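Encoded as structure tokens, the structure appears first; notes follow it.
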Amino acid sequence: MSNDDLNFPELEPGIKPVANPISPSVEAERREKFAADLAPMFDVPVSVQAVIGRTTMEVSELMHLGEGSVLELDRRVGEAIDIYVNSRLVARGEIVVVDDRLGVTMTEIIKNAGG
């Protein structure tokens, strides 16, 4: 296939196209500087919550709960759970089992999450 088949525009004589003006080494330096600038933030604690569902009940119902009680939640089995960071919805995910422990895998990042 020739360049004529691809309908590339003609460049003036002496002008050469530039594929990527930023070299990989410059990009790597930018990433390292960005990570270094964020380093003070790495030790800031955040609260992470994985909410599998919610329910509403009266205090009298709550007082009658005991071992083996079942609470009906507002979600169905297999439905995505909400993931909150510092009380802000940031993602949705699924519950997974990792080495006999429960975990959460993020399946969707929520952009422009209000809060």
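Only the coordinates and a few stated rules stand behind these numbers; no lab work does. The shown structure was predicted, so the numbers you read here are calculated from the model rather than taken from an experiment. Cβ coordinates were reconstructed from backbone atoms using ideal geometry, including for glycine residues, and neighbour counts include every protein chain displayed.
Figures for the structure shown
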read-out: Packing rank of 81-93, 98-110, where each peptide gets the mean count of other beta carbons within 10 Å, highest leading; value: 81-93, 98-110
read-out: For segment 45-109, radius of gyration divided by Kirkwood radius, i.e. Rg to Rh on alpha-carbons; value: 1.03
read-out: Length added when fully stretched, LYS111-VAL59, from 0.36 nm per residue minus Cα-Cα; value: 15.1 nm
read-out: Net lengthening on full extension, LEU89/GLU72 (0.36 nm per residue, minus Cα-Cα); value: 3.9 nm
read-out: Karplus-derived 3J(HN,Hα), 6.51/-1.76/1.60, for each residue of segment 57-68, Hz, glycine and proline x; value: 8, 7, 4, 4, 5, 4, 5, 8, 6, x, 4, x
read-out: Peptide ranges 59-69, 25-35 listed from the most packed, as the mean C-beta count within 10 angstrom indicates; value: 25-35, 59-69
